[in-house]
1. Using alpha-carbon positions, what is the distance between the centroids of the stretch 1-62 and the stretch 67-111, in Å?
2. Going through the cross-link list Lys31/Lys98; Lys54/Lys91; Lys32/Lys131; Lys31/Lys91; Lys32/Lys91; Lys32/Lys98, which pairs have a Cα-Cα distance over 26 Å in this structure?
3. Find out how many positive minus negative residues lie around Trp44, taking Lys and Arg as positive, Asp and Glu as negative, among other residues whose Cβ is under 13 Å from that of Trp44.
4. Which value at 222 nm does the chain reach when only helices count, each DSSP H run of 4 or more adding -39,500 (n - 2.57), with the total divided by all residues and rounded to the nearest 500 deg cm²/dmol?
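What follows is calculated from the coordinates using simple rules that are stated; it is not laboratory data. Keep in mind that this is a model prediction, so the values were computed, not measured. Quick reminder, even Gly has a Cβ in these numbers, built from the backbone with ideal geometry, and neighbours come from all protein chains shown.
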Amino acid sequence: MDHTIVHFEIPADQPERAAKFYRELFGWDIKKYEGSAGGGMEYWMVQTVPTDAKGMPSRPGVNGGLMRRMMPGQALVNYISVENVDEFVRKAERLGAKVLMGKHPVPGMGWFAQLNDTEGNLFAIWQNDEKAAETRETVSQGVGNARS
């Protein structure tokens, strides 16, 4: 498996303004995610390259998301594909990374965790898994894995 960037997230104080900026600058297709209505996290899907029927890029490139900034100084995050989030969190910690958010599900899509590298840079790891589902156990596990 290639451990490459498979997704990015751009935080914004005003997502509508940021979406307009990136649409006009690069011609990206940016649409508010329908699942973010009704009290969920506001999220916008950013398509920089066309996708196939499964939503995967149909040519080289990376698609991502745009979201309302949740805290001051929140940084852009690149998600890197791995075979197993649990194994790569442990490996990253052995190499000096700090876990900021332990393993969390994106139901029907996969699992992720967010870390700081040895230089303090934020990054995330991503494991595809269509069977990923949010349960009390996985949420508790993710919160328990976070280190301060």
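1. Centre-to-centre (Cα) distance: 18 Å.
2. Lys31/Lys98; Lys54/Lys91; Lys31/Lys91; Lys32/Lys91; Lys32/Lys98
3. Values: positive: Arg17, Lys20, Arg23, Lys31, Lys32, Arg68, Arg69; negative: Glu9, Glu16, Asp29, Glu34, Glu42.
Counting the neighbours of Trp44, the net charge comes to +2.
4. -6500 deg cm²/dmol
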